[in-house]
Structures are given as C-alpha cells and as structure tokens.
Amino acid sequence: MNDDVKGQEMTTPAQTPAQTKGASEPLLKVDGLVKHFPIKKGLLQRQVAAVQAVDGLTFDVRPGETLGVVGESGCGKSTMGRLITRLLEPTGGRIEFEGTDITHLNTGKMRPLRRDVQMIFQDPYSSLNPRHTIGTIVGAPFKLQGVKPEGGVKKTVQEMLERVGLSPEHYNRYPHEFSGGQRQRIGIARALALRPKLVVADEPVSALDVSIQAQVVNLLDDLQDELGLTYVIIAHDLSVIRHVSDRIAVMYLGKIVELADRKDLYATPMHPYTKALLSAVPVPDPRRRGVKSERILLRGDVPSPIDPPAGCRFHTRCWKATQICTTKEPPLIPLATGHQVACHHPENAADQAPEDTTLLSAAKEAVEVVTVVAKAEEEPTPEPPAKRVEK
Amino acid sequence: MTAPLHDTPADADPTEDVAPAAGAGVRKVEGRTLKQIAWNRLKRDKVALAGGVTVLLLVLVAVFAPLVVGLLGHPPDEFHQEELEDLTNLPKGAFGGMSGDFLFGVEPNKGRDIFSRVVYGARISLLVAFLAAVVAVVLGTIFGIVAGYFGGWIDALISRVMDVLLAFPQLLFIISLVSVLPDELLGLRDNGVRIAVLVMVIGFFGWPYVGRIVRGQTLSLREREYVEAARSLGGGQRHILFRELLPNLVAPVTVYATLMIPTNILTEAALSFLGAGVLPPTASWGSMLRDALGTYEHDPMFMVFPGLAIFVAVLAFNLFGDGLRDALDPKGTR
C-alpha cells in the first residue's frame, strides 16, 4: 500500500463498481463533530468547565481508503475514534455512515450497524478478556450479533485465526498464553470477524515491539486488500502513518489543522505545526548521515484543552503567529487540490492574511531551530538560542 | 508461562507426551487454563494445603457428626453422673476426665461428653458461618457490581448504605433482636429461627465488605478495553456485567469468602457466648465456652477444647484463604 500507485488502484474484488474511487459517496461523513467532557465540582455536581477534547472536526472517509490521523498525546484523536464508532456520545455535530445519521443512535439502534463499523484497540493486554478463550473472544461478534455463519461459528473463527496468521488450534487457548503481537492479531480477527466495512484502529501498533509493528501493519494492509476494508488509523508515529495511509489528518488540540494526501503532506506541509512535526522524524538512512537537517523544536507545552487559546489554537507556540491568529480562528479550507489547511500564514502556499505582518512577541521565541549534523560521533549542536526560522 | 508461544503443549508434564506417537502434524495443542495454573500453584503451597485439608476434615466431621460420635463418643445430650465426683460435681480423673471412653473428658455438673459436643458444635458453627458467607457474597456481589459499573447516584447511594452498615453495632443489634424474637417464624421453630436469624444478620452485616471489594474491582475492570470491545460489538449491559465482568470477579470474591468464614465463626461464637446463639441443650462452640466460664478455675479443660476448636477452624480457614489468594493472583510468581 505504500506504493504510490495504490491511491489510484484501490478497487478490490469486494467492491462493487459503484463504490470505486471518484464516483463514490463517502463511507463516513463527519461534520462539525464536538465532544466536551464536563468537569463537575461540589455537592451539587455543577458543571464548572469542560475538557474540549474534540472541537469541530469535519472530514470524509472514502470507501477503500486509509485515513491516517496523527497528533501528539491529548489532541483528541482517540476520542475522535471512539466518537465515530459511537462508543462515546458526541456533544455536537453530525456523523453519517453510508448516508445514515448515526450521531445520536441509542445502543439498540446502533447494534445492527456495529457489524459494519469495528474497532481495533491499542492495548492488546487489556483488550482481550483474560477469562475467555480465544474461540469465545473471536466468536463473540457472531454471538452478540446473532449471526450464524455457514459451516458454524467454530469453523469460521478458525478460518479467521488462520487469516490473521494464527493457528486454528489456538481456539481453546487463553489470552495469557500469547505474546503482544499475537494478541493484537486476535484483536484484529475479532474486529474483522463480521467483515465490517469500516475499521477504526486506535494506535494499533504503539504497544508493540518495533519488529512486531511492521508485521501487524503489513497484516492490516494485506487484509485491506483481501477484504476491501476502509481504515481510519489513529497513531502518533509518523513513520507508521506514512506507511499505511492514503490521506492524513493532522490534529492539534481537538482540531484538524491539516488534511491532505500522504504525498502532498510529506512533500509540502502547509501548516507550521505539521512542518514542525515532520522535521522531528528521524531519517533512518545511513547514506544521508552528515547531511544537514534542520529540526524545529517547539517550545512549551500543549495548552490545556480545558481552556484552549482563542483564535488559532496553535498561536501560542507558532513562530509565524500574528495578531490575527490570536483573534480569528482559521477555517479548514483547501489551498491546493485535496489539501486542506487551517492556517492564516501557511507554508508552501499563499498567505491568507498578508496584511497582518507584525509577529507576536511570543512568536519570536516560539521555536528553536536545531541544525543536526548527524555525523557518526558528533553530538547534535544546538545553535545559540535561535530567533526564528527563515521564511 | 514458559513456552506458550509455540505449538508445544504448555504443560511440560512427561506423562502427557503421548502426542508424538499419535501421528505427526496432529500434535494436540494444550494450554493450561487459569484454574489449572491456580491449582498447580496451590499444590506447591504446603501451608495453604494443610489449611485446606484441615478445613475439609472439619467439614467432613460436621457432616458426619452422628457417625463420628457413634464411633468415638456418647450422644451429646446424655448425662453421665457416674463420671463426676459426688461432692464437687467435677469430672473424675485428671485433665477434666479425659480417657479412652471420653476423649475430651466430660462437662462438670452435667457429665456430658465434651468430644461429642465439640463435634456437634462444629455443625452449628460451620453451617452458620458458611451460609452467612453465602448471603454476604450474593448481596455483596450484586450491589458491588451494580455500584461499580453504573456509578453516579446509584454508586453514591449503595456506597453510603455500605458505610452505614459498616458503622452499625451489629453485636448489640443481634442481641436485642434475639430477645424480641418469637419462637416461631415463617414455619421455623426454636433453633431453626435462631440459625436463620444468625445467618441473615451475620450475612447482612457482612456484605458491605464484599461489596466494597467488588465495587473497587468493577471500577477498574470496566475501564479495560475488552469492555469497550464488547460494547463495540453490540454487547448489551447484561452481556458486559455477566459475561465480561463477573468471570473476572470470581477469584477475588472466592478468596474473600474463604477469609470471611473464620470471621463468621468468631462472630457466631461471640453471639453464642453472649447467649444470642442457638438454644440449649444444642451445642455450639461459643455456648460451650460460656458454660465453661462458671467452672474454669476448677476444670480448665472444659474451656480448652471448644476454644481449641474455634482456634483451629479459624486458623485453617485463614491459611487456606491466604494460599488461595496467592494462587489466584495473576501477578504472583508462578
């Protein structure tokens, strides 16, 4: 899937002609999605504030594609995943799955839809019930959905186990007998047992060994081709995201700041935050050792989602922030074909607020540019407190 | 686990090495269930095992009391004046009249066989302790799981009720309750009423302890991702409570129940000692202690045996319960 042709050749045997790329309706449509967790205090449990975990997300997921979602810890990406699988009740906005509004469906009405929307969890140690056998775990979807597959549940479960690279004989074993990677495969088998259309994977490999990560990611890839799945993959690892995604959404503090095709995003990042993120990715290429690379180090912490900054949420740490950034929130708009950005002063594109040129005083100290001369033994030499990045 | 990742039997017991002979490629994959692991660990804990054997022995003795007494003693309510000194009414012979005929000696004044009475007393003590533990476990599990899973005002309400019950002076309550109790209640008579009341009251004041443990466990378990996974598969609340959460609560509840029985034995003994237990002439360990109180200066052995019985029973249950907790603890060393 990491071939660049992949984007054009998404058609899989499982897809009907109507679902092929381009002419298709989005599988999942999210519009202005909001989730605030109330903070209650006192005897009467009065709401005093709210954690604005997700604050207005708008995006589509097309059939057959993989949408990667990146962002640092606490930016709301996991909350987003639990909202679109309706494990959490949205505070506002709208979620449409195959044209059906599922925003506020109750448990009973949601049940039939659960066949089509499944989730892969982060922690393979807590996502499998230690008191159940693998057969019970992977067979649970059939039981809960009242589905009677051809050839019986046991046979289907064993086929599923084989498909994810486990042995059918593992049917009667318990989770504690398996390694992390094997457990994650069991979790994948459970999620795919009912042949869902959309799979939301919340940090599917972050709890695994690096050597196992590749296996699991490639397994997800293969299964996508075989079963014609659509993925929303949430991760904080940029190299994993780059490997699996067709399109990538970058989140910061509950908002999408940039949404673009993978190639575009890595080649021409437009949002300063994306640029800073990408500059932090180490280059695992020995031949490029010694080549100077500049690393943008953001200063300070992510502001609290309880009281996020006004205007652009990134302005407190952005080296390009001007007056307008503190007052006016930049909308997420396409600045190139298929490349949406929410920024007043994007990189690699026309300035959206050219009249506002005075930098904020904070912006001048917002970042530090470190030039990494990655020769074999040489320590990274930080430049004396850098003022700002050259434009 | 040492070798769970391969297709070899996880149990490296040489006696099970029959698989290769059965044919290549059809080697039986056999993992150990959690129960087997716990049992293996328990087997290695000699102290717990000794406790378990003693418990088993006590239960057998209680169940087959008529048989045991028939073989080794005299009916528990039979008076043996011939075993007592004429003048003092104290048992003839040393150590409270211990002899081959009367293993633990005889009571002063009445001359009843202490051995038989201790054996029959085990029936009352263990019965009340077991049943009260069952009542406490059932109530505690239900209320604990509901409080922990649903949270909010339900949790607040149940937790406050538990706090009130834990602060309640249960001994005083039972003593006053017994004194106003009718002789006949719901078709039960005399001792039946007393036993039922003891069970219900000890159980009722015991459930908050179980409830708190279950509530705490549920609070932590409901945040596990497998609960979310069950929800994302369309599992309802009943499925989550009984299929996902309850199996994970069995171990702590079992352990707590085993550790609760000795407490119940002590409570029952205390109540009998205070006269709120079964009616005489039925023997129970606590009431025997009270009977012995009047003559302990002249015949201490009458006090020793029921006291020893309580001590051994409580110790055995505690040792067994501790061992069970270690064996069932997934974090323990194997």
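The values are calculated or read from the model by the stated rules, or taken from the named source; none is laboratory data. Just so we're clear, the structure is a prediction, and the values are computed from it rather than from any experiment. Please note: Cβ atoms are built from the backbone with ideal geometry, for glycine as well, and neighbour counts cover all protein chains shown.
Of (1) buried (at least 19 other Cβ atoms within 10 Å of the Cβ); (2) in contact with an Asp or Glu (Cβ under 9 Å, 6 or more places away or on another chain), A:Gly99 satisfies all except one. Which?
Unmet condition: (1).
Which members of the stretch A:84-140 meet the condition of being closer than 30 Å to A:Gly181 by Cβ, touching a helix residue (DSSP H, G or I) at 6+ places or on another chain (Cβ under 7 Å) and β-branched (Val, Ile, Thr)?
The answer is A:Thr85, A:Ile120, A:Thr133, A:Ile134, A:Ile137, A:Val138.
Read through the list (1) at pLDDT 65 or above; (2) in contact with a helix residue (DSSP H, G or I) (Cβ under 7 Å, 6 or more places away or on another chain), then give the number of the only condition that B:Ser99 fails.
B:Ser99 satisfies every listed condition except (2).
Can you give me the ranges of the helices (runs of 4 or more DSSP H) entirely in the stretch B:31-75 with at least 2 residues that are on the phi < 0 side of the Ramachandran plot and within 15 Å of the chain's Cα centre (by Cα)?
Because the criterion is at least 2 residues that are on the phi < 0 side of the Ramachandran plot and within 15 Å of the chain's Cα centre (by Cα), the helices (runs of 4 or more DSSP H) in the stretch B:31-75 that meet it are B:46-63.
Residue by residue through the stretch B:119-140, note down the ones that are β-branched (Val, Ile, Thr) and surrounded by fewer than 24 Cβ atoms within 10 Å (Cβ to Cβ).
Once the filter is applied, which keeps residues that are β-branched (Val, Ile, Thr) and surrounded by fewer than 24 Cβ atoms within 10 Å (Cβ to Cβ), the stretch B:119-140 yields B:Val134, B:Val135, B:Val137, B:Val138.
Report, by residue number, each residue of the stretch A:107-148 that is under 19 Å from A:Leu161 (Cβ atoms) and of a type in the set (Gly, Ala, Ser).
Those that are under 19 Å from A:Leu161 (Cβ atoms) and of a type in the set (Gly, Ala, Ser): A:Ser127, A:Gly135, A:Gly139, A:Ala140.
Scanning the stretch A:77-128 for residues that are small (Gly, Ala, Ser) and within 9 Å of another protein chain (Cβ to nearest Cβ), which turns out farthest from A:Val51 (Cα to Cα)?
Filtering first and then ranking leaves A:Gly108.
Filter the stretch A:148-177 down to residues that are in contact with a Leu (Cβ under 9 Å, 6 or more places away or on another chain) and within 19 Å of B:Glu244 (Cβ to Cβ) and give me whichever is surrounded by the most Cβ atoms within 10 Å (Cβ to Cβ).
Top of the filtered list is A:Tyr174.
Return the only residue of A:Gly108, A:Gly151 being outside any loop (DSSP other than H, G, I, E, B) and free of Cβ contacts under 8 Å to residues at least 24 places away in the same chain.
Result of the check over A:Gly108, A:Gly151: A:Gly108.
Does A:Asp246 count as closer than 19 Å to A:Ala201 by Cα, under 16 Å from the mean Cα position of the chain (by Cα), of a type in the set (D, E, K, R) and at pLDDT below 90?
Numbers: closer than 19 Å to A:Ala201 by Cα: yes; under 16 Å from the mean Cα position of the chain (by Cα): yes; of a type in the set (D, E, K, R): yes; at pLDDT below 90: no.
Considered against the rule, which asks whether it is closer than 19 Å to A:Ala201 by Cα, under 16 Å from the mean Cα position of the chain (by Cα), of a type in the set (D, E, K, R) and at pLDDT below 90, A:Asp246 comes out as no.
Mind checking whether some residue in the stretch A:49-67 is more than 18 Å from A:Leu332 (Cα to Cα), surrounded by fewer than 16 Cβ atoms within 10 Å (Cβ to Cβ) and polar (S, T, N, Q)?
The answer is no; no qualifying residue exists.
From the set of residues in the stretch B:268-283 that are part of a helix (DSSP H, G or I) and surrounded by 24 or more Cβ atoms within 10 Å (Cβ to Cβ), which is nearest to the chain's Cα centre (by Cα)? Working first, answer last.
Here is the first cut: in the stretch B:268-283, the ones part of a helix (DSSP H, G or I) are B:268-273.
Still in the running and surrounded by 24 or more Cβ atoms within 10 Å (Cβ to Cβ): B:268-269, B:271-272.
Numbers: B:Glu268: 12, B:Ala269: 14, B:Leu271: 17, B:Ser272: 18 Å.
If we take residues in the stretch B:268-283 being part of a helix (DSSP H, G or I) and surrounded by 24 or more Cβ atoms within 10 Å (Cβ to Cβ), then B:Glu268 is nearest to the chain's Cα centre (by Cα).
Which pairs turn up if I take residues in the stretch A:163-179 that are of a type in the set (A, V, I, L, M) and look for partners that are buried (at least 18 other Cβ atoms within 10 Å of the Cβ) and not in a loop (DSSP other than H, G, I, E, B) with beta carbon separation below 6 Å, at least 6 apart in sequence or on another chain?
A:Val164/A:Arg185; A:Val164/A:Ile188; A:Val164/A:Ala189; A:Leu166/A:Arg185
Conditions tested, residue by residue: (1) away from chain A (no Cβ under 14 Å); (2) in a loop (DSSP other than H, G, I, E, B); (3) buried (at least 16 other Cβ atoms within 10 Å of the Cβ); (4) modelled with pLDDT of 85 or more.
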| site | (1), (2), (3), (4) |
| --- | --- |
| B:Asp291 | yes, no, yes, no |
| B:His298 | yes, yes, no, no |
| B:Ala309 | yes, no, yes, yes |
| B:Leu315 | yes, no, no, yes |
| B:Phe320 | yes, no, yes, yes |
| B:Lys331 | no, yes, no, no |
| B:Arg334 | no, yes, no, no |
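So is A:Gln224 outside any loop (DSSP other than H, G, I, E, B), polar (S, T, N, Q) and more than 25 Å from A:Glu96 (Cβ to Cβ) or not?
No: the conditions fail for A:Gln224.
Give, as residue ranges, the strands (runs of 3 or more DSSP E) completely inside the stretch A:270-365 that count at least 2 residues that are within 29 Å of A:Lys35 (Cα to Cα) and either at pLDDT 80 or above or of a type in the set (Asp, Glu) (or both).
Answer list for the stretch A:270-365: A:333-336, A:339-341.
In the stretch B:215-238, what residues are crowded, with 22+ Cβ neighbours inside 10 Å, more than 10 Å from chain A (Cβ to nearest Cβ) and of a type outside the set (Lys, Arg)?
The answer is B:Thr218, and nothing else.
Given (1) of a type outside the set (Val, Ile, Thr); (2) within 17 Å of B:Ala230 (Cα to Cα); (3) surrounded by fewer than 18 Cβ atoms within 10 Å (Cβ to Cβ); (4) within 12 Å of chain B (Cβ to nearest Cβ), identify the lone condition not met by A:Arg195.
The one condition A:Arg195 does not meet is (4).
Name the residue, out of A:Lys41, A:Lys77, that is modelled with pLDDT under 85 and over 15 Å from A:Leu198 (Cα atoms).
Result: A:Lys41 is the single residue among A:Lys41, A:Lys77 that is modelled with pLDDT under 85 and over 15 Å from A:Leu198 (Cα atoms).
Which condition breaks for A:Phe142 when tested against (1) within 13 Å of another protein chain (Cβ to nearest Cβ); (2) farther than 22 Å from A:Glu203 by Cα; (3) touching an Asp or Glu at 6+ places or on another chain (Cβ under 6 Å); (4) in contact (Cβ under 8 Å) with a residue 40 or more places away in the chain?
So A:Phe142 meets the others, but not (3).
Can you tell which of A:Arg94, A:Arg86 is part of a loop (DSSP other than H, G, I, E, B), assigned by TED's automatic domain parsing to the domain that holds A:Val34 and either touching a strand residue (DSSP E or B) at 6+ places or on another chain (Cβ under 8 Å) or at pLDDT 90 or above (or both)?
Result: A:Arg86 is the single residue among A:Arg94, A:Arg86 that is part of a loop (DSSP other than H, G, I, E, B), assigned by TED's automatic domain parsing to the domain that holds A:Val34 and either touching a strand residue (DSSP E or B) at 6+ places or on another chain (Cβ under 8 Å) or at pLDDT 90 or above (or both).
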